[in-house]
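The values are calculated or read from the model by the stated rules, or taken from the named source; none is laboratory data. Since we're looking at a predicted model, the values are computed, not measured. Positions of Cβ are backbone-derived with ideal geometry, glycine not excepted, and every protein chain shown enters the neighbour counts.
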Amino acid sequence: MSQRIGRAERRSNETSVKVEINLEGQGQARIDTGIGFFDHMLTILAGHSGFDLTVECSGDLNVDGHHTVEDVGIVLGRAFAQALGDKSGISRYGTSFVPMDESLAMVSLDISGRPYLHYEMPPLAPMVGNFDTQLAEEFFRAFSNQCGVTLHVRVLYGKNAHHMLEASFKAFARALRQAVALEKNADKVPSTKGIID
């Protein structure tokens, strides 16, 4: 089986983003976005999914982190879609519950070709380090839109913003790992329509 690797780049007046992802990796990460907590979340994404992930982003952090976080989501979604190819043999669905101390997160997703995000989170402190906590939703929406994933992200309960967001990214990673796992019929697209589009 060939390696499932995706690469994508995007340059604008606001950011320059480069992403490479290997779905048959070992969870290794090389991340540099200029936002420490976001780097931590993307490193977690790699580690708990088992994907090798490289993210390089230079953004207008003198404004705020919005363009950086959203654009990384866009480019990661494109690279992920490329790595999946025609989606033959994938499990397609993934669901994971992850606790972190007082918090419990659930992510359920379908690599369906239809982008949709449901995002439900208890009130969060505005900032974790230099990361605006509102931007987690923007990241997940950008990823969903670019790679055609129906994505439900929900924190059932929690108090600490760091814990709630970290549990969400871990659950996202583990759900993705389930969904891209290859099944016995590796040449068959997991849809009665014959395509995922």
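Residues being closer than 17 Å to Ala105 by Cβ, touching a residue at least 24 places away in the same chain (Cβ under 8 Å) and out of contact with any Asp or Glu (no Cβ under 9 Å at 6 or more places or on another chain): count how many of those fall in region 129-142.
4
Given Ala79, Ala46, Ala8, which one is surrounded by fewer than 21 Cβ atoms within 10 Å (Cβ to Cβ), modelled with pLDDT of 95 or more and aliphatic (A, V, I, L, M)?
It is Ala8.
Filter region 96-154 down to the residues that are among the acidic types (Asp, Glu) and under 20 Å from His66 (Cβ atoms) and list them by number.
Asp132, Glu137, Glu138
Could you pull out the residue among Phe97, Phe37, Phe80 that is in contact with a strand residue (DSSP E or B) (Cβ under 8 Å, 6 or more places away or on another chain) and in a strand (DSSP E or B)?
Phe97 is the lone residue from the list that is in contact with a strand residue (DSSP E or B) (Cβ under 8 Å, 6 or more places away or on another chain) and in a strand (DSSP E or B).
Out of the residues in region 93-131 that are of a type in the set (S, T, N, Q) and within 18 Å of the chain's Cα centre (by Cα), which is modelled with the lowest pLDDT?
The extreme case among them is Ser112.
Of everything in region 107-126, what is touching a residue at least 24 places away in the same chain (Cβ under 8 Å) and farther than 29 Å from Ser91 by Cα? Give them in sequence order.
Pro122, Leu124, Ala125
Kindly evaluate Leu45 against the criterion of being among the aliphatic types (A, V, I, L, M), in a helix (DSSP H, G or I) and within 13 Å of Arg177 (Cα to Cα).
yes
Kindly establish whether Val72 is surrounded by 23 or more Cβ atoms within 10 Å (Cβ to Cβ), closer than 25 Å to Glu9 by Cα and of a type outside the set (Gly, Ala, Ser).
When the stated conditions are applied, Val72 passes them.
Check off (1) surrounded by fewer than 22 Cβ atoms within 10 Å (Cβ to Cβ); (2) modelled with pLDDT of 95 or more; (3) over 13 Å from the mean Cα position of the chain (by Cα) for Ile35 and give me the number that stays unchecked.
Evaluating Ile35 over (1) surrounded by fewer than 22 Cβ atoms within 10 Å (Cβ to Cβ); (2) modelled with pLDDT of 95 or more; (3) over 13 Å from the mean Cα position of the chain (by Cα) leaves (1) as the failure.
Could you give me the residue pairs with C-beta distances under 7 Å whose first residue belongs to region 25-41 and is under 21 Å from His162 (Cβ atoms), whose second residue is of a type in the set (Ser, Thr, Tyr) and surrounded by fewer than 22 Cβ atoms within 10 Å (Cβ to Cβ) wherever it lies, and which are 6+ apart or on separate chains?
Within 7 Å, the pairs are Ala29/Thr43; Ile31/Thr43.
Report the residue count in region 132-154 for those that are β-branched (Val, Ile, Thr) and either at pLDDT below 95 or assigned to a strand (DSSP E or B) (or both).
Within region 132-154, residues that are β-branched (Val, Ile, Thr) and either at pLDDT below 95 or assigned to a strand (DSSP E or B) (or both) number 2.
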